[in-house]
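The values are calculated or read from the model by the stated rules, or taken from the named source; none is laboratory data. In this text the structure is predicted, and so the values were computed from the model without any measurement. Here the Cβ is made from the backbone with ideal geometry for all residues, glycine too, and neighbour counts use every protein chain on show. In case anyone asks, the SASA skips ligands and DNA or RNA and just uses the protein heavy atoms, side chains included. Shrake-Rupley method; radii C 1.70, N 1.55, O 1.52, S 1.80 Å.
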Amino acid sequence: MAGTQLTTELSALQGVGPKFSAKLQRLGIRTVGDLLWHFPFRYEDYSKVVPIGELGIDQSVTVQGMINQITTRRTWKKNLLITEAIIVDETGGIKAVWFNQPYVTNILKQGHYYNFAGKITRSNREVYLASPSYEQIDSVRKGDAKHTAGLIPIYPETRGLTSKGLRFLIKPILKNLEPLQDFIPEEILKENKLPSLHVALKRMHFPLQTADAQGAKKRFAFENLFLLQLNNLTLKMRLAQEPALRLSIPEADLAATVQKLPFQLTTSQKESLNEIVKDLNQDRPMNRLLQGDVGSGKTIIAAVAALIASRNNAQTAFMAPTEVLASQHYRTITKIFPDFEGGIALFTATKTQLYRGNGAETELTKAKLRKEIAAGNIKIIIGTHAIIQKSVSFASLGLAIVDEQHRFGVSQRAALLAQAPGHDTNRALPHFLSMSATPIPRTLALTVFGDLDLSTITELPPGRKEVITKIVDPVNRKKAYGFVREQITQGRQAFVICPRIEPGAVKEGEILTEAKKKALELKSVKEEFERLSKKVFPDLRVVMLHGKMKGAEKESVMKDFHDGKYDILVSTSVIEVGVDVPNATIMIIEGADRFGLSQLYQFRGRVGRSTHQSFCLLFSGSESAGTIKRLESLLTAKNGFELAEKDMEIRGPGQFMGEQQTGLPDVAMDALQDILLVKATRDAAKEILSNDPDLSGHPALLNKFTEFQRKVHLE
Ligand code: ADP
Ligand code: MG
């Protein structure tokens, strides 16, 4: 077996039978490399096995012993299933107790030996080992534990693969593994105090002490972030070599344009605009993310950028994630530039419209619109992503704007750029401006979004009052409705957000689990619309909006609500991003516990968009302390940034970014919380690229990097 390599097929190894290798293959593990990168998720310290006779209260311990007896019974008082086992070793016996895990009885067998790890607890004068984790062993290794000193890796045990089996397999492989070449240059390892690849693999699987395992884990996290940083920086460098149309505007012209806007820009808006103006004035493509709290006024900045493009005879594609939002942008921009004669088009799956200045608006067929765009007769095209994907060809696309960028990952962005017309011809790339109201935590800005330059709007337009946010106790629901009525009587409008469209259904004979019961209690748009329009506010104008409605229908509901034709809009999360109805001052969120913090923050951002005092009322289906605490951080966070950091902390980076891919494995995901590590990886990547921009001097790294890029690209 000597001379094992990472590419060696496991089935070719001695001792790996067809049954075992089939199990491994089901986990996607075929080669030695696959196996060695199947990391443990925790370790147990059996060097600290305590003889049962020496156990003390409140100790967290590992006990090694034989199951003497095991039973499960039901307590009638609390309706709990209690599994009890007696564990014995040479020094004595102790009871182990598991709650509501009756299957334990089927796993642990009388007369067999196991390791148990857990806490010694006392209640009602009885001392026991509380819900210990367990692992089968052959027999008590008398004094042997000291020999095998070190931590024992515990792998995710799936589909019949036990940790024990994996350890048995991995140990000799590591012993016989040919020396591995490390693709991370030695200086970088040294500077960051990281173990080499070979050492890290050994320590990941069989660490002598916790610090070894941590060091190994850090190395793998570093490695992935480092590759991601290389990817970001090379993307940036490559982009800096692509040609782009220089989009310029004389200073006096820009000043006059800004002067004519419906309101005075905030200092922060001006700064961001200046950064964008500077970028546009280069013959290299801009790649910038404009972030700013909800309501900070990003749209108008985008509009000015589009205007600058049009002055240079270039077109702008302005893309929004939903049709509702695209229509709103269309309305906003036609209002900001009422006498713009270069043509502003709305182009979504269900609606096409063209504005030619001075109130002249026409509807025209998609085919006609396409033709006009291709002829360069329309300068600003607003729509969903369909406008880039549905083979619309632009005469001269100078600027691509994507609103609510946080929904798109690196790969989608790359695809967008790749599809941008002109990319595979010799024509220039469009400048790229993305916008996001979900502030990106610093670590993510430097990693997942690290190929972008950042502009941040840090203030809200003057005169905005903080939205008063309250978690409403269910008993005060009536009172809350009274308050809503008062506001509406004063001329304001209200949103009601529900977590689902249809009421939950129960099949005949279906047994209701707790989760199902909870789900049934969730308010649906349809029921809530019925209830509010018929029972609670029969005299008010109530309307509903949800994702199952047709595009045109949604659009007209939104428009009518915007124009004040309705008092209350009952909606699903479709209104989450970007919707702007300044006269709405009340946001009611049903089932608030069902939404993430950033999402709630987005909902709340739909109000507080005028000088009227606004309110956000949260109804929660859960009164658990954790839920309330999470909702309370919405009340206390000073701004979106603070909340975003908190959200990431609570839900983890993966959740925070939704389902979108980051291209990062689990070991690296956790590291996205670690700003120092993130900065170190960025510095390392910068340093190496500054001396060796095409990595030709680091062939092993180049190899690995190419593989990484291929993977990111495929996602
Ligand atoms: P977001 O940044 O969330 O996309 P919007 O661009 O929708 O915000 O702007 C929010 C609201 O604030 C809009 O009604 C817009 O007209 C208004 N607004 C934007 N900038 C200013 C400003 N400088 N002064 C006053 N109102 C502004
Ligand atoms: Mg917006």
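The number of residues in the stretch 430-460 being over 18 Å from P321 (Cα atoms), open to solvent by 10 Å² or more (accessible area, probe 1.4 Å) and within 11 Å of ligand 1 (Cβ to nearest atom) comes to 2. Suppose the filter is of a type in the set (A, V, I, L, M), under 29 Å from D666 (Cα atoms) and free of Cβ contacts under 8 Å to residues at least 24 places away in the same chain; does A22 pass it? When the stated conditions are applied, A22 passes them. Just one of the listed residues (V496, V448) is away from ligand 2 (no atom under 16 Å from the Cβ) and closer than 30 Å to A680 by Cβ, namely V448.
If you check A256, A314, A349, which single one turns out to be over 23 Å from S396 (Cα atoms), open to solvent by less than 60 Å² (accessible area, probe 1.4 Å) and more than 16 Å from ligand 1 (Cβ to nearest atom)? Let's see the steps before the verdict.
Details: A314 fails: over 23 Å from S396 (Cα atoms); A349 fails: over 23 Å from S396 (Cα atoms).
From the options A256, A314, A349, the qualifying one is A256.
So if I check each of P262, P321, which one is within 26 Å of the chain's Cα centre (by Cα), surrounded by fewer than 20 Cβ atoms within 10 Å (Cβ to Cβ) and of a type outside the set (D, E)? Step by step, each of P262, P321 is checked, and only P321 is within 26 Å of the chain's Cα centre (by Cα), surrounded by fewer than 20 Cβ atoms within 10 Å (Cβ to Cβ) and of a type outside the set (D, E). Looking across K335, K278, K371, K379, one residue alone is closer than 25 Å to E555 by Cβ, surrounded by fewer than 19 Cβ atoms within 10 Å (Cβ to Cβ) and more than 16 Å from ligand 2 (Cβ to nearest atom). It is K371. Residues that are in a loop (DSSP other than H, G, I, E, B), within 16 Å of ligand 1 (Cβ to nearest atom) and surrounded by fewer than 24 Cβ atoms within 10 Å (Cβ to Cβ) within the stretch 580-607 comprise D580, V581, P582, N583, listed in sequence order. The lone criterion from (1) part of a helix (DSSP H, G or I); (2) within 20 Å of A668 (Cβ to Cβ) left unmet by K270 is number (2).
Looking only at the stretch 673-700, count how many residues are touching a Pro at 6+ places or on another chain (Cβ under 8 Å) and over 24 Å from T443 (Cα atoms). Steps first, please.
Applying the first criterion (touching a Pro at 6+ places or on another chain (Cβ under 8 Å)) to the stretch 673-700 yields 673, 688, 698.
Within this subset, residues satisfying the condition of being over 24 Å from T443 (Cα atoms) are 698.
Adding up the residues that qualify gives 1.
Taken over the stretch 152-208, the criterion of being farther than 27 Å from A22 by Cα, touching a residue at least 40 places away in the same chain (Cβ under 8 Å), aliphatic (A, V, I, L, M) and assigned to a helix (DSSP H, G or I) is satisfied by I188 alone.
For the stretch 574-602, a residue qualifies if it is more than 15 Å from S620 (Cα to Cα), over 17 Å from the mean Cα position of the chain (by Cα) and either away from ligand 2 (no atom under 16 Å from the Cβ) or at pLDDT 80 or above (or both), and the qualifying residues are D580, V581, P582, N583, A584, T585, I586.
Filter the stretch 556-574 for residues that are free of Cβ contacts under 8 Å to residues at least 24 places away in the same chain, surrounded by fewer than 20 Cβ atoms within 10 Å (Cβ to Cβ) and not acidic (D, E) and give the result. Selection gives S556 alone.
R167 meets each of the listed conditions (1) within 25 Å of T4 (Cα to Cα); (2) touching an Asp or Glu at 6+ places or on another chain (Cβ under 6 Å); (3) open to solvent by less than 50 Å² (accessible area, probe 1.4 Å) apart from (2). Among the residues making up the stretch 241-267, those that are out of contact with any helix residue (DSSP H, G or I) (no Cβ under 7 Å at 6 or more places or on another chain), closer than 22 Å to Q291 by Cα and part of a loop (DSSP other than H, G, I, E, B) are F263, Q264, T266.
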